[in-house]
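Okay, so here's the structure we're looking at.
Values quoted throughout were computed directly from the atomic coordinates according to the rules given, and no laboratory measurement underlies them. Worth saying up front: this structure is predicted, and the values here are computed from it rather than measured. Reconstructed Cβ throughout: ideal geometry from the backbone, glycine too, with neighbour counts over all protein chains shown.
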Amino acid sequence: MKKTDLLVIGGSAGGILSATMARKAYGDINITVIRDTDAVMVPCGIPYIYGTLHCTSKNVIPDKMLADAKINLVVETVVKIDKDNKTVTTKNNDTYGYKKLVIATGSLPIIPTFIPGHELENVFPIYKNQDYLNTILEKLETVDNVAVIGGGFIGVEFAEQISMTGKKVTLVEMADACLWQAFDKSYTDDIEMMMKEKGINVLTNTKVKKIIGDKKAEAIELDNGDKIPVELVILGLGVRPNGLLAKEAGLDVNAKGAIIVDQYTRTSDPDIFAVGDCAEKKCFFTNKDVPVLLASTAAMEAKIAGSNAFQLRLIRANKGTISAFSTQIFGKTFAAAGLTEARARQEGFTINLGEFTTMDRHPGSLPGTSTIQIKLIFSKCSGVILGAQISGGDSVGEMINILSLAIQKGLTATELNTFQVATHPLLSASPIAYPINAASMNAIAQNCRHLNEGLVI
């Protein structure tokens, strides 16, 4: 039996950062990472293999971080955790003893077994395996008509990238809008309009009744009876937690199979932690379960687990998932964090909105300038920010991170209206029209209208 102080199962964002953070926190301890693939894909980069990168090897997380931190890397499949004896066993029957264990086994694609034909050739759920993704790449080179089922981030990004190669793409979403979980209607309308203008056949409020074909996919049949010829189908219906290994070990899991953890990512066994997609996610605002599985969330959880594996050193409890997203569709960036307006109202919040449109450089006549639209959602009673949505140029991708931190810290409209910003004509919006300040000021103005009633000056 091989022994290690800290053992990490899983080699993507959660696994890597758990190990490297533990190295920084605890110095010269023995740390081992076991993963089941030779190469680890950048998960959020997978759609871009098919329209921008054209190669899976350009979408690999390098092992340099582990090597530089002197972390042992083992490529094997773990088949059993024995929490009583504090060992794990691999498929090759090797045994590893541990003092502390981090489970970072990620997620698996949702397979729509309710759709007849989902098992046909050329129907692909999205596994994060390099050889598997290479197969999709090879198959796409031989077809002209592609269907993407699911209008979340996976589906939208796959549809955009595949359409860039000249394929005819149909995107089917059963809800009334694509990306509805992250954005309100004005933003989803903009996203869908852009996709349609680029030739993507976007069908919302539509279900795929079945996938038709003898051995290979030949068409999809919709719930209205229409049949659309296709030669390849991408299943982009999201992912589910891969918590089976933990469940079989006797750790507590929830109804969806996610590993139950406390605010320090500890499982029902105090010597075992779980981070990333395999661990349960709670809403930052309501503490309800949320199906938001992101590499950025895994990274945050991994830092907590790695720092606190042997002692509670990083007193930063995981208070819930803020749901910070960003994407780029045909050159335009869309980003969101926190609750949408619709979700905030659904949860019972009384809200106040602040919206603003400006340019991301000043003056707006400068070359390369993009229009920025921003929408901030605040609690009307407390003024605390609940959510944000932005669209525009590349700067939007970092601006949403400011707002994610604002949500995490419970900042108010007043604080966001008056926080000091660095501006430059070539780098940012004008200081008199900085989007976060200006949208917050507009939200405050909504309340001032009520305060001004009956005011005599």
Most exposed first, judged by fewest Cβ atoms within 10 angstrom, 20, 90 run 90, 20
Show log10 I(q)/I(0) for segment 325-451 at q = 0.21 Å⁻¹, two decimals, from a solvent-free Debye sum over equal Cα scatterers.
-1.19
Rounded to the nearest Å, the spacing of the alpha-carbon centers of segment 63-102 and segment 118-182 is 34 Å
In what order do 107, 382 fall by count of nearby beta-carbon atoms within 10 Å, going from fewest to most?
382, 107
Between residue 449 and residue 313, how high is the FRET efficiency from 1/(1 + (r/R0)^6) when r is the Cβ-Cβ distance and R₀ = 60 Å? Nearest 0.05.
0.80
Using the Karplus equation 6.51 cos²θ - 1.76 cosθ + 1.60 (θ = phi - 60°), what ³J(HN,Hα) coupling, rounded to whole Hz, does each residue of segment 156-168 give in order, writing x for Gly and Pro?
5, 5, 5, 4, 4, 5, 5, 5, 5, 8, x, 6, 8
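Determine the equivalent ellipsoid of segment 123-237 by diagonalising the alpha-carbon gyration tensor, then write out the semi-axes as square roots of 5 times the eigenvalues, largest first, rounded to whole Å. Each step should come with its number before you reach the end.
On the way: eigenvalues 96, 55, 34 Å².
After diagonalising the Cα gyration tensor, the semi-axes are 22, 17, 13 Å.
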Hey, what number do you get for the chain at 222 nm if only DSSP H runs of n ≥ 4 count, each worth -39500 (n - 2.57), divided across all residues, to the nearest 500?
-7500 deg cm²/dmol
Please arrange 8, 148, 42 by counting, for each residue, the other beta carbons lying within 10 Å of its beta carbon, fewest first.
42, 148, 8
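For the chain, with only Lys/Arg (+1) and Asp/Glu (-1) charged at the beta-carbon, what is the dipole magnitude about the Cα centre, in debye rounded to 20?
Charge dipole, the chain, about its Cα centre: 1060 debye, nearest 20.
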